[in-house]
Each structure stands twice: as structure tokens, then as C-alpha cells.
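Since the structure comes first, as C-alpha cells, the remarks are kept for the end.
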Amino acid sequence: MTRLYDNPGLSRRLTISAVVLVAAALYGLWELWAAAAATDNATTGYLFGIAFLGGAAYGLQQVLAEARDLVVSFEFDPATGRSLTTLWRPLAPRRLAAIRDDIAAWRFHIKVGRRDARTYYLFADHAAHPRPLQFELRPGMTIADEFRRLAPQAIGEFERAAGLQTN
């Protein structure tokens, strides 16, 4: 199989985020334990513990919800039409095998963030995944010709929106 898409820093960023949030949760537990074991009035410890646990729970929920459909890598064999899509998960990556017809409805999407920051995505429906897969695209990244053949209209829309194509 040939790797057509790769988002190399995604796994590292998400794993570091998850580790930091787990560390915050452990600190929150320690604060609660220290407050319970204290002989004086330890309301500050309880407040810190609850704040760190709540913040860590919210942060982990956000990381897992935002990353559940992001594609880390996509490999495709043009001769057989088989593909392997890798998604990030906290403990082990999820791999989705498919044939050409199992991945359909390629479409372009722009996510607008703060201060009009734009993030470009290709969405695709996968028969073995309940939500659309999200391929993050960056201006300047190399797009393989075989990937262009799989999603020509969506990639063309990306190139026009990113100012990479003039027609």
C-alpha cells in the first residue's frame, strides 16, 4: 500500500494533551486526599482538587470529541482498491480497512476558528465508521496524484479556497 495522506504531528500533540490532562486529574485527586487528611480547615485543598478534576475531565472530553474522527494516515493500493485508514485513540490507534467503494462522499469543508483562522478539511464517509472521517489539509502540503483521483472535486475546492489554483 502507498501512503497517500499523513498528519505526522497529530498523534504526538493529542497524546501530549491527554498525558497533561491525566496529570492534572492526578494532581486534583492528590489535592482532595491531602485536604481530607489535613487536621485543619482545608477548604482550599477541596476547591483546588475539584477544580483540577473538573478541568481535566472537561479537557479530556474535548480532546476525545475533537480527535475521534481525525485521520492520522491513509494508505491505498490502487491495484486492489484496498485502503487502510488510521485514527488516533488514547491507548492504541484505530485502523479501518476498506475497499474503494466503502469510502465515499468526499467533500471539502472549512472550519472557521477564532480571529477568522481557517482550517481546511476533506470529509469522507466510511462504511465502518459512524461519523465522517476528517482529513486535515494545509496549504503547501503535497497531495499525491492517487489521492487526487479518489477525491478530485473536493481537492480542487481545497486548492481554490487556499489560493493554490487560479481556475
Fill in: Separation of the Arg115 and Glu66 label points, Cα + 7 Å toward Cβ, nm
1.6 nm
Worksheet, complete the sentence: If every Lys and Arg gets +1 and every Asp and Glu gets -1 at its Cβ, then about the Cα centre the range 1-81 yields a dipole, in debye to the nearest 20, of 80 debye
Worksheet, complete the sentence: Final fewest-first order of Val63, Val19 on the 10 Å Cβ neighbour count is Val19, Val63
Worksheet item: Top mean-square fluctuation among Ala18, Ala117, Ala98, Gaussian network model of the chain, C-alpha springs under 10 Å?
Response: Ala117
Fill in: For the range 78-95, Karplus couplings with θ = phi - 60° (6.51, -1.76, 1.60), whole Hz, Gly/Pro x
x, 5, 9, x, 8, 9, 9, 10, 10, 10, 6, 9, x, 9, 7, x, 9, 10
Worksheet entry | Estimated [θ] at 222 nm from DSSP helical runs (n ≥ 4, -39500 (n - 2.57)) normalised by residues in the chain, nearest 500 | -14500 deg cm²/dmol
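None of the figures in this text is laboratory data; all of them are computed from the coordinates on show. Given the structure is predicted, the values throughout are model-derived calculations rather than measurements. Counting neighbours? That spans all protein chains shown, and the Cβs are built from the backbone with ideal geometry, glycine included.
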